[in-house]
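Scroll down for the structure; my scribbles are underneath it.
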């Protein structure tokens, strides 16, 4: 992350920065004598003193210095995006390496950035984190962060991540724990690769480093807050890649039967706090009912990793269906498109809603022809597959007043207000695009029917249907200004139902 300062793209009117003479186009080089690495580092350095000294460079390369009595707060600068760091691993089940050709360039980037890990819950293998970056995590208190461990056995981990220098992940984790940093961890499980004794060793060695213990070697230091296990996701595009066995329905069911019980035991030993977390996809693949609310942490830890999304939706639906607001669904006729794993659950909920309020909502499982039918999550559906499913349903069951698409399948924009960007890919797309670059507007024009994102729950869905009804001309506008942003721009490959 070494770079020569960060570009100032705008200065807030009336701010301390404007009063100090800082202009858009200047480059912020140093704060209190330390080089500015990025936006997160800027926030940390600005918080260190009540009076802050800044060193900047004008576009003509002249250098100037200013001071601001900021009381440890920002001074009204909007800084340019930070370029995302890329992953140096070659994990045998890396989803990016299984991408078909012909999609937009950003989909082929493997992000590996501890800043995204801290801010947004992205998982990092720590492959790009040298000693200096680990020290930075400790110094700037970037806690908790999220780490893809996959397995702790060094020999097997080298096989899994494809990097002979990154077998000893515990060495890096221990360095963070010693510095007081908390860590959420995950393991993507592939049969006959990192399950069996390898998984049990991973489980035991991370459990020994858990948080919330009243005694033991890690008392008073950082801790492993959680360990999630996620079934491997394989697409139909693995030409030239190592052989990896997929998780069958029977395997998923057996995993649920074994490790749901164990997860409850770990929670009891962890002062009641769930620690071993099973991703929803184990249950949907195994065709097993997801556990109740008590199985998941109070904070919904690792929700962005697909842990508890189904249960959270069910809990909200149970309350919402009997609410006064739900009655506004009466008479509405809409088609909800989703992945094949979530469709049975969603249809069950919609049947309850329809009976209660007199609505006419139905869900359709969309087959993933682009990535392969083994990919069943809604977040990886393309506009093309959604379009085909909507046409097929309309041909067989007639028109609807709106077609609902998964929010998790939509990306809105990468532009100058985003904190992170991809090198050479800073293209604004406010209208919302699917993975194949089809826009929401294009899908709506093809279907000749309003298309709205699902939101995170039935309440948000109702808001979206009403918004589309009030303003049929929302076409071409920024989706995040019209609809709830929940679920939009989720990490690529997220396990969202």
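The values are calculated or read from the model by the stated rules, or taken from the named source; none is laboratory data. What you are looking at is a predicted structure, and each value in this text was computed from that prediction instead of being measured. All Cβ positions, even for glycine, are placed from backbone atoms using ideal geometry, and neighbour counts span all protein chains on display.
Descriptive notes on the structure:
Yes/no per residue for (1) within 17 Å of residue 138 (Cα to Cα); (2) without any contact (Cβ under 8 Å) to a residue 24 or more places away in the chain; (3) in a loop (DSSP other than H, G, I, E, B); (4) over 30 Å from the mean Cα position of the chain (by Cα):
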{"position": "29", "(1), (2), (3), (4)": "no, no, no, yes"}
{"position": "37", "(1), (2), (3), (4)": "yes, no, yes, no"}
{"position": "41", "(1), (2), (3), (4)": "yes, no, no, no"}
{"position": "44", "(1), (2), (3), (4)": "yes, no, no, no"}
{"position": "49", "(1), (2), (3), (4)": "no, yes, yes, yes"}
{"position": "53", "(1), (2), (3), (4)": "no, yes, no, yes"}
{"position": "56", "(1), (2), (3), (4)": "no, no, no, yes"}
{"position": "61", "(1), (2), (3), (4)": "no, yes, yes, yes"}
{"position": "67", "(1), (2), (3), (4)": "no, no, no, yes"}
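- Failed item in (1) over 30 Å from residue 192 (Cβ atoms); (2) within 22 Å of the chain's Cα centre (by Cα); (3) surrounded by fewer than 20 Cβ atoms within 10 Å (Cβ to Cβ), with residue 82 passing the rest: (3)
- Subset of the stretch 4-14 that is outside any strand (DSSP E or B) and in contact with a strand residue (DSSP E or B) (Cβ under 8 Å, 6 or more places away or on another chain) - its residue that is surrounded by the fewest Cβ atoms within 10 Å (Cβ to Cβ): 4
- Taking the criterion of being part of a loop (DSSP other than H, G, I, E, B) and in contact with a helix residue (DSSP H, G or I) (Cβ under 9 Å, 6 or more places away or on another chain), the residues of the stretch 185-199 that qualify are 190, 191, 193, 194, 195.
- Qualifying residue in the stretch 265-286 (condition: farther than 23 Å from residue 225 by Cα, at pLDDT 95 or above and surrounded by fewer than 13 Cβ atoms within 10 Å (Cβ to Cβ)): no
- Filter pass, residue 126 being on the phi < 0 side of the Ramachandran plot, surrounded by 19 or more Cβ atoms within 10 Å (Cβ to Cβ) and touching a helix residue (DSSP H, G or I) at 6+ places or on another chain (Cβ under 6 Å): no
- Residues within the stretch 442-490 that are at pLDDT 90 or above and either over 19 Å from the mean Cα position of the chain (by Cα) or in a helix (DSSP H, G or I) (or both), tallied: 20
- Residues of the stretch 220-238 classified as more than 15 Å from residue 143 (Cα to Cα) and assigned to a strand (DSSP E or B), total: 5
- The stretch 354-376: number of residues that are crowded, with 21+ Cβ neighbours inside 10 Å and assigned to a helix (DSSP H, G or I): 0
- Flag if residue 25 is within 34 Å of the chain's Cα centre (by Cα) and either at positive phi or not in a loop (DSSP other than H, G, I, E, B) (or both): yes
- Top-ranked residue in the stretch 58-79 [being within 12 Å of residue 6 (Cα to Cα) and either crowded, with 19+ Cβ neighbours inside 10 Å or touching a helix residue (DSSP H, G or I) at 6+ places or on another chain (Cβ under 6 Å) (or both); ranked as modelled with the highest pLDDT]: 77
- Count of residues meeting criterion [farther than 30 Å from residue 189 by Cα, part of a loop (DSSP other than H, G, I, E, B) and touching a residue at least 24 places away in the same chain (Cβ under 8 Å)] in the stretch 69-92: 8
- When 176, 142, 193 are screened for being in contact (Cβ under 8 Å) with a residue 12 or more places away in the chain and either in contact with a strand residue (DSSP E or B) (Cβ under 9 Å, 6 or more places away or on another chain) or not assigned by TED's automatic domain parsing to the domain that holds residue 124 (or both), only 176 passes.
- Search result, residues across the stretch 321-346 that are surrounded by fewer than 19 Cβ atoms within 10 Å (Cβ to Cβ) and in a helix (DSSP H, G or I): 325, 327, 328, 344
- Among residues of the stretch 200-219 being assigned to a loop (DSSP other than H, G, I, E, B) and in contact with a strand residue (DSSP E or B) (Cβ under 6 Å, 6 or more places away or on another chain), the one that is modelled with the lowest pLDDT is 211.
- Any chance residue 379 is at pLDDT below 85 and either within 20 Å of the chain's Cα centre (by Cα) or part of a helix (DSSP H, G or I) (or both): no
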